[in-house]
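What follows is a single structure, written as structure tokens, with notes after it.
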Amino acid sequence: MHRKILSLIYTFLDVVAVYIITALVVLAKRMDPAFFMADETGSVSLSTAAIASFDADVKHAYQDMGKLRDTVRIKTGVVGSTHRFPKLAAGLATRRVKQTDVVPMNLAHTNATATLEDWNAAEYTDVFDDAKTNISEREELAGSIAKAISRREDQLIIDALEATSTTLTVASSIGGANTNLNVDKLRRASRLLGDNGVGEDEDITYVGSYAGREGLLGETEATSADFNTVRALVNGDISQFLGMSFKWIASRAEGGLDLTSGDRTTFAYAKSALGHAIGMDQRMEVNYIPTKTSWLANMLFSAGSIEIDAGGVVEITCDEDGA
């Protein structure tokens, strides 16, 4: 009789122990920010810490991919759908004459208004279903979202360049009839910017295509250590030349640089000549969509670009097919 009672007690204790262990495991999972959680209604969501961690992954990846953001004037935290970038015209100093009225310069004050556009980069995924998912899968998703964002932001700046009202142009005939990017074109662009008052302390950027880079790498002045750094010879790349930083844009679904009948439109511009206004700077949302039985990772951002000073932009035409 006593043995039966002891056996029942031991069985009861075993059952209780199983329940306690199960409860502790569930509690541990809920305390882990990488795990998803369900509320009282059964709705599934990621913890704030998990979303913040993935958001950081995307933004870190973006920093390694974005090309043009740092080449223009930036205004962050914009409230509303537009932002005005102020522009002051050049002033003229006058000779001081004793006992006469001061002559003001009467600087012209104008504004360039950037209109912000809303964009998102979204993808359905299962990488959040298990905290043990290979971290490389999440990094790959973060990289894909960051690439989409960086390409779109680059395109906003390219579109502002292509809408330029500049009168400073370099034809495809400079440096030879129907020629691709060459040193003569870059020298002409540098001269035009200088003649138009762009200071030597200004950050100047050239944005072109990889076909243009191929043409420039064929120029002795661009690749010879006598004229340039040996990086062009070792890495097959040109990042600095003639006081300009070079940014190369691939063919993109977003549009890229205009190519019409073999003629590629490229640009050299001063940093102060373009403005990029940012309202929402990359906000990550991760939500479980029951009808898809999957997670939707969505990065939101709002921005707009505008030309501020046409005198700081040179349009350079490169004939990429030599026709």
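Can you give the local net charge around residue 192? Use residues other than it whose beta-carbon is closer than 15 angstrom to its beta-carbon, Lys and Arg +1, Asp and Glu -1.
Details: positive: 185, 187, 188, 191; negative: 184, 195, 200, 202, 309, 315.
My count for the surroundings of residue 192 gives -2.
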Can you tell me which of 194-204, 68-78 comes out highest on packing, and rank the rest after it, using the mean Cβ neighbours within 10 Å? 68-78, 194-204
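For the peptides 300-312, 267-279, what is the packing order when you average, over each peptide's residues, the other Cβ atoms within 10 Å and list the highest mean first? Display every interim value, and only then the final one.
On the way: 300-312: 21.5, 267-279: 24.4.
Descending packing order for the listed peptides: 267-279, 300-312.
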Placed amide H near residue 209: partners under 5 Å, 5+ positions off or other chain: 249
Obtain the nm distance between the two label points defined at residue 298 and residue 122 by a simple spin-label model: each point lies 7 Å from its Cα along the Cα-to-C-beta direction. 0.3
Run the simple label-point estimate for residue 285 and residue 214 please: 7 Å along Cα→C-beta, distance reported in nm. 4.3
Of the stretch 266-309, those with amide N under 14 Å from the point 7 Å along the Cα→Cβ vector of residue 171 are none
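Read-outs: derived from the displayed coordinates by stated rules, not from any lab. Here the structure is a predicted model, which is why all the values come from computation and not from measurement. Glycine gets a Cβ as well: all are built from the backbone with ideal geometry, and neighbour counts include every protein chain shown.
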